[in-house]
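The values are calculated or read from the model by the stated rules, or taken from the named source; none is laboratory data. No experiment lies behind these values; they were computed from the predicted model shown. All Cβ positions, even for glycine, are placed from backbone atoms using ideal geometry, and neighbour counts span all protein chains on display.
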Amino acid sequence: MDITTLFTNKPNPDIPALAPGDTVKVSVKIMERGRERTQIFNGVVIKVRRGADGGNFTIRRVARGVGVEHTFPFSSPLLERVEVSRHGKVRRARLYYLRGLSSKASRTKERREKG
């Protein structure tokens, strides 16, 4: 018996194709005091993991001089919308080196689309 036969994950259709280095805007549903609201989390995708459980992606941003990272599952129903604002030009799959850079030094060049 394999775990993939027990669970079938439905991918969230509101998530476009993501790649490391992309700058994204994620709208997340948050429950506070019985009320539901939407919070936007801007940042750079530093890791994309795909797997049998549906996978996840990690976003990093610098807020008030402190680095903040958040990991979102691809199959999460709490994600309302994910918008890609920039496609970054990177040569690695994991961008952990951005943790040691300042926010200005961690900027990446924009990837040009072919065509």
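This table checks each residue for (1) closer than 26 Å to E113 by Cα; (2) in a strand (DSSP E or B); (3) under 11 Å from the mean Cα position of the chain (by Cα); (4) among the aromatic types (F, W, Y).
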residue: A17; (1), (2), (3), (4): yes, no, yes, no
residue: V45; (1), (2), (3), (4): yes, yes, yes, no
residue: F57; (1), (2), (3), (4): yes, yes, yes, yes
residue: R61; (1), (2), (3), (4): yes, yes, yes, no
residue: P77; (1), (2), (3), (4): no, no, no, no
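Does any residue in the stretch 81-102 that is within 25 Å of S27 (Cα to Cα) and modelled with pLDDT of 90 or more come within less than 9 Å, Cβ to Cβ, of a residue that is surrounded by 15 or more Cβ atoms within 10 Å (Cβ to Cβ) and aromatic (F, W, Y) six or more places away or on a different chain, and which pairs are these? From the stretch 81-102, the pairs are V82/F57; V82/F72. Within the stretch 63-75, being part of a loop (DSSP other than H, G, I, E, B) and farther than 24 Å from R111 by Cβ holds for R64, G65, S75. Apart from one condition, K10 fits all of (1) among the charged types (D, E, K, R); (2) crowded, with 16+ Cβ neighbours inside 10 Å; (3) at pLDDT below 85; the exception is (2).
On the given criteria, is G21 out of contact with any His (no Cβ under 6 Å at 6 or more places or on another chain) and not in a loop (DSSP other than H, G, I, E, B)? For G21, the condition - out of contact with any His (no Cβ under 6 Å at 6 or more places or on another chain) and not in a loop (DSSP other than H, G, I, E, B) - is not met.
Restricting attention to the stretch 24-43, and to residues there that are among the basic types (K, R) and in a strand (DSSP E or B), which single residue is farthest from R111 (Cα to Cα)?
R35
Number of residues in the stretch 93-112 that are of a type outside the set (S, T, N, Q) and under 12 Å from V45 (Cβ atoms) equals 4.
Scanning the stretch 79-115 for residues that are closer than 16 Å to V68 by Cα, of a type outside the set (G, A, S), more than 15 Å from the chain's Cα centre (by Cα) and assigned to a loop (DSSP other than H, G, I, E, B) gives L101, K104, R107.
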